[in-house]
């Protein structure tokens, strides 16, 4: 792969992108009406981030 | 007296629908979103294609591990199966990653997860299109 295609993302950026993409995919697959999809995507994204950050903090004591 | 234990033969329509559902599922696996496109579910088709495509491009761009069939252990085999879930995008991921994987940093590790998630997500979408084609789910 050429150097122009290399992506350098931080932990937070990677997690945000991952959570956003999967939430959108789940929303479109599991709901039919646009409003239901938006609600599902927002709720799923929120839970992804909450649980991700929560697990991060839960592991914090073990890093010392 | 009629034999009540005999199983009635499937009507030809059911058999045809089952065949079409199978074709839809396989198409959805080979090309992300194609299964839904065949069912004229355009929003889901576009979103599956874009989501799996972006995950594969990001995963390969972050130098994630694109597993091959010559894995050393069960985890490599599982990773290979997950990567194969992207269908033809697996070949795209391999061709994008000319310099090989680099999982010595967090980006590469995230890339590996992105690629595996793209595969599993595509398998889920293909299964969804298969079920929709059978008339069980939409």
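Quick notes on this one:
- Matching residues in the range B:59-81 - criterion: being within 14 Å of chain A (Cβ to nearest Cβ) and not in a loop (DSSP other than H, G, I, E, B): B:59, B:60, B:61
- Looking at B:53, B:43, B:100, just one residue is closer than 13 Å to residue A:25 by Cβ and surrounded by fewer than 16 Cβ atoms within 10 Å (Cβ to Cβ), and that residue is B:43.
- Residue within the range A:51-64 that is modelled with pLDDT under 95, out of contact with any strand residue (DSSP E or B) (no Cβ under 9 Å at 6 or more places or on another chain), buried (at least 17 other Cβ atoms within 10 Å of the Cβ) and within 14 Å of chain B (Cβ to nearest Cβ) present: no
- Restricting the range B:103-119 to residues that are crowded, with 16+ Cβ neighbours inside 10 Å and more than 10 Å from chain A (Cβ to nearest Cβ), the residue that is nearest to residue A:12 (Cα to Cα) is B:108.
- Whichever residue in the range A:1-16 is part of a loop (DSSP other than H, G, I, E, B) and under 14 Å from the mean Cα position of the chain (by Cα) and, among such residues, is modelled with the highest pLDDT: A:10
- Residues of the range B:84-102 that turn out to be more than 8 Å from chain A (Cβ to nearest Cβ), farther than 13 Å from residue A:8 by Cα and outside any helix (DSSP H, G or I), as a count: 6
- Selection from the range A:17-43 of residues that are more than 9 Å from chain B (Cβ to nearest Cβ), in contact with a helix residue (DSSP H, G or I) (Cβ under 9 Å, 6 or more places away or on another chain) and at pLDDT below 95: A:31
The values are calculated or read from the model by the stated rules, or taken from the named source; none is laboratory data. What you are looking at is a predicted structure, and each value in this text was computed from that prediction instead of being measured. Because the Cβ atoms are built from the backbone with ideal geometry, glycine has one as well, and the counts that use them run over all protein chains shown.
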